[in-house]
Structures are given as C-alpha cells and as structure tokens.
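In what follows, a structure is listed as structure tokens, so that the remarks can point back to it.
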Amino acid sequence: PPDKDQLGRATWTFLHTAAAYYPVLPSPAQRSQMLALIQALPALYPCSHCAEDFGEKVAENPPDVSSRSGLSRWFCERHNEVNEKLGKEAFDCTKTDERWNEGPKD
Ligand code: FAD
C-alpha cells in the first residue's frame, strides 16, 4: 500500500498550491472543474479510510470555489480537521499564501 504520510504530504502540496494559484476571479468553468476535482477525491484517494472521512467533511462543508482566498481557506480548514484527528497542531489559515504562494518552507 502507499505510504500514507508521503501520499498525504504530496497531496496537500498539490491541493494547497492549486488553491494558492487558483484565479482570484474564477470563471464558471474553472469553478466547476475545481468542484469536480474535490468531489473526485473521496472516490479515488488511495487511502480508503482517509477518503471516507474526507468525503464526510466535504459533505458537511460545501467547497468554496468562488475565489482564490475562499478556496485556500476551505482547504486549510479541511487540512486542520485532519491535523486535529491526528493530534497535530492547527495551521494558521491567514498564512496559507505565505506558505503556498511563495514556495515551500519545509
Ligand atoms: P502534512 O499534514 O502533510 O502537511 C504538509 C505541510 O502543509 C506542513 O508541513 C505545513 O507546512 C502545511 N500545513 C499543515 N497544515 C496546513 C493547513 N491546515 N493548511 C495549509 N497548510 C498546512 N493521514 C492519516 O493518518 N489519517 C487520515 O485519515 C488522513 N486523511 C487525509 C485526508 C486527505 C484528503 C489528505 C490529503 C491526507 C490525509 N492524511 C491522513 C495524511 C495527513 O494529512 C498528513 O499528510 C500526513 O500525516 C503527513 O503529515 P505531515 O506532518 O508530514 O504534514
């Protein structure tokens, strides 16, 4: 099976970076494409219990695909839910751009 931690770091890198470079004013097509990407994860993410929990969180918290800042916050909050579940510290969601729009700091 895939290494859950390596897979998680790679996936969060992709998702937070995609949000950090998502349009400030996305077109209707870009919004529906991002929504489709998010909604595909519970079906396709190759850690079945992670995918199942994430799917429940997505259902409880409809993705905000209306803007770069809204999407960045939405992913930050979902990642923080996983951090909490794993006993990790919460990330400060005012710092998503600093972390993900200016290159990796770790
Ligand atoms: P990660 O949590 O991978 O974080 C990588 C970097 O992101 C951090 O170093 C930090 O700079 C930054 N960061 C941290 N929090 C935030 C945030 N809230 N917003 C923005 N940036 C942030 N693992 C499990 O064991 N069980 C699960 O159920 C589980 N579910 C997951 C569901 C999804 C959708 C994904 C993508 C991953 C899941 N993981 C799960 C993996 C888990 O989230 C971590 O990726 C893994 O434990 C490795 O953690 P890490 O401490 O190396 O850093």
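None of 26, 46, 62 is more than 14 Å from the ligand (Cβ to nearest atom), exposed (fewer than 14 other Cβ atoms within 10 Å of the Cβ), modelled with pLDDT of 95 or more and not in a helix (DSSP H, G or I) except 62. Applying the criterion of being more than 21 Å from residue 25 (Cβ to Cβ) and assigned to a loop (DSSP other than H, G, I, E, B) to the residues of the stretch 65-101, the residue that is farthest from the ligand (Cβ to nearest atom) is 87. If I filter the stretch 2-17 for residues that are within 7 Å of the ligand (Cβ to nearest atom), part of a helix (DSSP H, G or I) and of a type in the set (Lys, Arg), do I get at least one hit? Checking the stretch 2-17: at least one residue is within 7 Å of the ligand (Cβ to nearest atom), part of a helix (DSSP H, G or I) and of a type in the set (Lys, Arg). Against the numbered list (1) over 16 Å from residue 11 (Cα atoms); (2) out of contact with any Phe, Trp or Tyr (no Cβ under 7 Å at 6 or more places or on another chain), residue 64 comes up short only at (2).
The values are calculated or read from the model by the stated rules, or taken from the named source; none is laboratory data. Since we're looking at a predicted model, the values are computed, not measured. Cβ atoms come from the backbone with ideal geometry, glycine included; neighbour counts cover every protein chain shown.
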